[in-house]
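Chemist: Dropping a structure here in structure tokens format, bear with me for questions.
The values are calculated or read from the model by the stated rules, or taken from the named source; none is laboratory data. Keep in mind it's a predicted model, so treat the numbers as computed, not measured. In this analysis, Cβ positions are derived from the backbone assuming ideal geometry, glycine residues included, and neighbour counts consider all displayed protein chains.
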Amino acid sequence: MKSILSVALAAILMTGSATAQSVNIGVKGGLNLFNLNDDKGPEFDTKAGFNVGLLGHIHMAPQLALQPEVVYSLQGAKYSIANVETKANLGYINVPVMVQYMFDNGFRLQAGPQVGFLINAKSETNNVKTDIKDQYNTVDFGVGAGLGYVHPASGFGVDARYNLGLSDITKSDVSKLTNRGFQLGVFYLFKHKN
């Protein structure tokens with residue numbers, strides 16, 4: 001896991017220094033509302049989780065930016081069988097690269113690809129946790145889109161994003177599972193410049 005974080009952080013820094021007009025590094029965190037989409041099976045219920053990580057905000061042009069991120073994201077879903085609730089807790093290191101259109105008033109539209117690396121996977125029923133990582137693929141590909149706002153003078157901002165998983169995350173031949181969910185959060189850009 002340390003090597004994934006090191007490589008991703010190095011990529012953020014190198015990308016920014018190579019072509020950008022200005023680069024900011026920041027931190028972010030927030031709430032996840034994720035679910036699993038099963039193309040042939042039962043419907044799952046949305047499960048709350050969290051996300052926390054680092055971001056690089058790279059100005060490419062006056063109103064265009066690239067924002068690579070390295071984020072730990074607790075995802076998954078929950079379901080009930082015979083009134084017994086089970087949670088699938090899937091922990092990913094996600095590396096999205098968002099292209100942002102920046103309005104003059106601090107608002108930003110964003111969209112881009114994401115790759116996720118499964119770090120842990122546990123099933124929880126009646127407070128009993130079971131490791132289920134061997135049932136899931138270790139890499140997840142997806143796309144994200146959303147809206148953000150940064151207060152230019154302070155560097156603080158808010159972010160809302162929808163993530164759509166494109167790849168099958170399960171090793172099962174019976175069904176295809178994909179990650180889907182919303183992320184709501186806050187971020188802070190160090191030494192932010194207007």
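Chemist: In the stretch 30-52, how many are in a strand (DSSP E or B) and in contact (Cβ under 8 Å) with a residue 40 or more places away in the chain? First the steps, then the outcome.
Modeler: First pass over the stretch 30-52, keeping only residues in a strand (DSSP E or B): 30-38, 45, 47-52.
Narrowing further to those that are in contact (Cβ under 8 Å) with a residue 40 or more places away in the chain: 30-38, 47, 49, 51.
Qualifying residue count for the region: 12.
Chemist: In the stretch 163-194, which residues are in a loop (DSSP other than H, G, I, E, B), touching a residue at least 60 places away in the same chain (Cβ under 8 Å) and over 23 Å from residue 37 (Cβ atoms)?
Modeler: Of everything in the stretch 163-194, those that are in a loop (DSSP other than H, G, I, E, B), touching a residue at least 60 places away in the same chain (Cβ under 8 Å) and over 23 Å from residue 37 (Cβ atoms) turn out to be 190, 191, 192, 193.
Chemist: Just to be sure I understand the filter: pairs with C-beta atoms under 6 Å, separated by 6 or more residues or on different chains, first member in the stretch 141-162 and closer than 14 Å to residue 113 by Cβ and of a type outside the set (Gly, Ala, Ser), second member at pLDDT 95 or above and outside any strand (DSSP E or B). Which pairs pass?
Modeler: 141/166; 141/167
Chemist: I've got another one for you. In this structure, does residue 83 turn out to be touching a strand residue (DSSP E or B) at 6+ places or on another chain (Cβ under 7 Å) and among the polar types (S, T, N, Q)?
Modeler: Values: touching a strand residue (DSSP E or B) at 6+ places or on another chain (Cβ under 7 Å): no; among the polar types (S, T, N, Q): yes.
Here the answer is no, as residue 83 does not meet what is asked.
Chemist: Can I ask one more? Give the stretch 113-151 a look and list any residue that's charged (D, E, K, R) and touching a Lys or Arg at 6+ places or on another chain (Cβ under 7 Å), or say none.
Modeler: 122, 124, 129, 131 - these are the residues of the stretch 113-151 that are charged (D, E, K, R) and touching a Lys or Arg at 6+ places or on another chain (Cβ under 7 Å).
Chemist: Of 155, 181, which residue is among the small types (Gly, Ala, Ser) and within 16 Å of residue 27 (Cα to Cα)?
Modeler: Numbers: 181 fails: within 16 Å of residue 27 (Cα to Cα).
Of 155, 181, the one residue that is among the small types (Gly, Ala, Ser) and within 16 Å of residue 27 (Cα to Cα) is 155.
Chemist: Within 15 Å of residue 159 (Cβ to Cβ), in a strand (DSSP E or B) and either at pLDDT below 95 or β-branched (Val, Ile, Thr) (or both), is that true of residue 27? Can you show your working first?
Modeler: Working: within 15 Å of residue 159 (Cβ to Cβ): yes; in a strand (DSSP E or B): yes; either at pLDDT below 95 or β-branched (Val, Ile, Thr) (or both): yes.
In short, yes.
Chemist: Right, next: Is it the case that residue 120 is surrounded by 15 or more Cβ atoms within 10 Å (Cβ to Cβ), in contact with a strand residue (DSSP E or B) (Cβ under 7 Å, 6 or more places away or on another chain) and not basic (Lys, Arg)? Give the steps one after another, and end with the answer.
Modeler: Details: surrounded by 15 or more Cβ atoms within 10 Å (Cβ to Cβ): no; in contact with a strand residue (DSSP E or B) (Cβ under 7 Å, 6 or more places away or on another chain): yes; not basic (Lys, Arg): yes.
In short, no.
Chemist: Could you tell me whether residue 106 is within 22 Å of residue 33 (Cβ to Cβ) and small (Gly, Ala, Ser)? Lay out the reasoning, then the answer.
Modeler: On the way: within 22 Å of residue 33 (Cβ to Cβ): no; small (Gly, Ala, Ser): yes.
No, not satisfied.
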